[in-house]
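One structure below.
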Amino acid sequence: MDTEQLASTAKTLVAPGRGILAADESNGTMSRRLESIGVEPTAESRRDWRQLVFTADGFAEYVSGVIMFDETIRQSADDGRRLADILSDAGVIAGIKVDRGTVALAGAPGELVTEGLDGLRGRLAEYHDMGARFTKWRAVISIGDRTPSDYCINANAHALGRYAALAQEAGLVPIVEPEVLMDGSHSIDSCYRATERTLNRVFEELSAQGVDLEGIILKPNMVISGHESPDRASAAEVAERTLACLKENVPAAVPGIAFLSGGQGDEEATVNLDAINRLAADEGAPWEVTYSYGRALVATALRTWGGSGANVGEAQNVLLERCRLTSAARRGTYSPAPAGGLS
């Protein structure tokens, strides 16, 4: 394990003004999104969409890395170039999702655990040979009347630790993603408590399993009210509670925090990221604070494309504008778009 190279890659992924695109939807999820815009879901149509995103002129100005799905890292563009090579040639680091999704956690009704550790060492070596330099594993924590349980948090934290250790052994920077879901009507206080418990256990496991914290990226949820909460917290409160929770539970050795959007809309995810970065600058937070968004970056561009080659240029412009706005939020300099447009 080359710890200096891992640390260098991690720092590049969280470089000022840039963030990470989560383009790692499973084939099933991506197919449903294509169907929602009237496009037949095939390997080719999934490739065409990702090719549109990866080849947008200026994409690398705002995006430092892209998390891909297994199908995508194996695909080539219509000019024969591998999609992973298109990214690396543009100065964007190729990454890969390596977990195999969630299943019901035995003995814990309503809770989930992420699978994928079996055979992971071999898959990591293969992905490294294919050009990947970082990886992602997502754990899911839900908030309910009796959840999250300690059992669920412990099981997922242990898996995240094992994954991260194996990734670093393979020369890949692990993105560690413990996501406390926004689903439900819970308060921001409930989210704080669940996030605090989760992060505390995750870092205990990372330490116990010898993971080098300077060579990881943490991809957490923001501390935020549930989607259906009758009194959702403001961006200022989201920023205050999120930073307080991170400062209590995330070591300063971690080079960067790359927030997931967690189902927030484009504008909400951008406004909250901006508020967090403004407060982080004021308080002297020890880590870079950036984004690892999926839908919050590309949803509008996907609708604009609609599967038509004639719309590729317009869709790329929409994508780049959303990336520009999110990059501004990453710097804490975002200004809300006027009515009727993105800019």
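The values are calculated or read from the model by the stated rules, or taken from the named source; none is laboratory data. Remember, it's a predicted structure, so these values are computed and weren't measured experimentally. Cβ sites come from the backbone with ideal geometry, for glycine too, and all protein chains shown count toward neighbours.
Taking P109, is it without any contact (Cβ under 8 Å) to a residue 12 or more places away in the chain and either among the hydroxyl-bearing types (S, T, Y) or assigned to a loop (DSSP other than H, G, I, E, B) (or both)?
yes
Give the residue, chosen from T333, T304, that is assigned to a loop (DSSP other than H, G, I, E, B), over 21 Å from the mean Cα position of the chain (by Cα) and without any contact (Cβ under 8 Å) to a residue 60 or more places away in the chain. Steps first, please.
Numbers: T304 fails: assigned to a loop (DSSP other than H, G, I, E, B).
It is T333.
List every residue pair whose Cβ atoms lie under 8 Å apart, where the two residues are 6 or more positions apart in sequence or sit on different chains, the first residue falls within the stretch 42-56 and is part of a helix (DSSP H, G or I), and the second residue, located anywhere, is among the aromatic types (F, W, Y).
W49/W305; L52/W305; V53/F59
Cβ-Cβ under 9 Å, sequence separation 6+ or interchain: first residue in the stretch 77-92 and surrounded by fewer than 13 Cβ atoms within 10 Å (Cβ to Cβ), partner at pLDDT 95 or above and part of a loop (DSSP other than H, G, I, E, B). Which pairs?
Close Cβ pairs (under 9 Å, with a partner that is at pLDDT 95 or above and part of a loop (DSSP other than H, G, I, E, B)) amount to D89/R81.
May I ask you to say which residue of G313, G284 is of a type in the set (G, A, S), farther than 16 Å from G256 by Cα and over 19 Å from the mean Cα position of the chain (by Cα)?
None of the other options fit; the residue is G313.
Would it be correct to say that D99 is over 25 Å from H227 (Cα atoms) and assigned to a loop (DSSP other than H, G, I, E, B)? First the steps, then the outcome.
Details: over 25 Å from H227 (Cα atoms): yes; assigned to a loop (DSSP other than H, G, I, E, B): yes.
Judged against the criteria, D99 is a match.
Could you tell me how many of the residues in the stretch 141-165 are surrounded by fewer than 22 Cβ atoms within 10 Å (Cβ to Cβ), outside any loop (DSSP other than H, G, I, E, B) and not polar (S, T, N, Q)?
Residues in the stretch 141-165 being surrounded by fewer than 22 Cβ atoms within 10 Å (Cβ to Cβ), outside any loop (DSSP other than H, G, I, E, B) and not polar (S, T, N, Q): 7 in total.
List the number of the failed condition for L246; all other conditions in (1) part of a helix (DSSP H, G or I); (2) under 20 Å from Y62 (Cβ atoms); (3) within 21 Å of the chain's Cα centre (by Cα) hold.
Result: L246 passes all but (2).
Among the numbered conditions (1) touching a helix residue (DSSP H, G or I) at 6+ places or on another chain (Cβ under 8 Å); (2) not in a strand (DSSP E or B), tell me where I257 comes up short.
I257 satisfies all of (1) touching a helix residue (DSSP H, G or I) at 6+ places or on another chain (Cβ under 8 Å); (2) not in a strand (DSSP E or B) except (2).
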